[in-house]
Amino acid sequence: MAGTRIDYVELPSATAHEAVRAFYSAAFGWEFADYGPDYAATTNGVVDVGLNGAREDALLAPLPVIRVADLEAAFEAVCAANGVIARPIFAFPGGRRFHFIDPGGNELAVWSDGGTAADGDAAVGGVGG
């Protein structure tokens, strides 16, 4: 998986979604695109930032997100390396992703804007997210 990198960081904002968005807009001039009432993201940087305001989905810590070309291959590689799958592959606006826990206890996500699943939201190895 040479050439992969973190290209997205998702910040929890469930307790103050609009305030968090306004803060980053005012402090750094970031512009956000809306993806529903509880999610907004920058789309103009080398590493973009998403604000997750959905109480049922937002984590307590930032979520680094790694972009890959082949999501299923990345899923298999994470499993083979003894990563713990926190959320199997699921669809979201913009692509598909899964979450895993590394040996240090950190949760990360892996995403792709393409994919090989015919319906785009099939879970691999378990129930969907």
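Projecting label points 7 angstrom from Cα along Cα→Cβ for F28 and A73 puts them 3.1 nm apart. Between D7 and A81, the contour length at 0.36 nm per residue exceeds the Cα-Cα span by 24.5 nm.
Per-residue Karplus couplings for segment 87-95, computed as 6.51 cos²θ - 1.76 cosθ + 1.60 with θ equal to phi - 60°, are listed in order as 9, x, 4, 9, 8, 8, x, x, x Hz, Gly and Pro entered as x.
Working note: 222 nm ellipticity from helices only, DSSP H runs with n ≥ 4, each -39,500 (n - 2.57), summed and divided by the residues of the chain, gives -5000 deg cm²/dmol to the nearest 500.
For the pair D57 and D102, the difference between a 0.36 nm per residue extended length and the Cα-Cα distance amounts to 14.3 nm. Across segment 41-57, rounded Karplus estimates of 3J(HN,Hα) from the backbone phi angles (6.51 cos²θ - 1.76 cosθ + 1.60, θ = phi - 60°) give 8, 6, 9, 10, x, 6, 10, 8, 10, x, 10, 9, x, 7, 4, 6, 10 Hz, Gly and Pro being marked x. Amide H to amide H distances under 5 Å link G53 with S13, Y39, A40, where only residues 5 or more positions off or on other chains count and H is placed in the peptide plane. Counting only other residues whose beta carbon sits under 12 Å from that of I101, what net charge do I get with K and R as +1, D and E as -1? So the surrounding residues net to -1. Extents of the chain, largest first, come to 43, 31, 26 Å (Cα atoms, principal axes, whole angstrom).
Can you give me the angle between helix 17-28 and the longest principal axis of the chain, using Cα atoms only, in degrees from 0 to 90, rounded to the nearest 10? Helix 17-28 sits at roughly 70 degrees to that axis.
Neighbours of W111 by Cβ distance under 13 Å: Lys/Arg scored +1, Asp/Glu scored -1, total -1. Net charge of the neighbourhood of V49, taken over other residues with C-beta under 13 Å away and scored Lys/Arg +1, Asp/Glu -1, is -3.
We did not get these values from a lab; they are worked out from the coordinates using the rules stated. Keep in mind that this is a model prediction, so the values were computed, not measured. Heads up, the Cβs are rebuilt from the backbone with ideal geometry, glycines too, and the neighbour counts pull from every protein chain shown.
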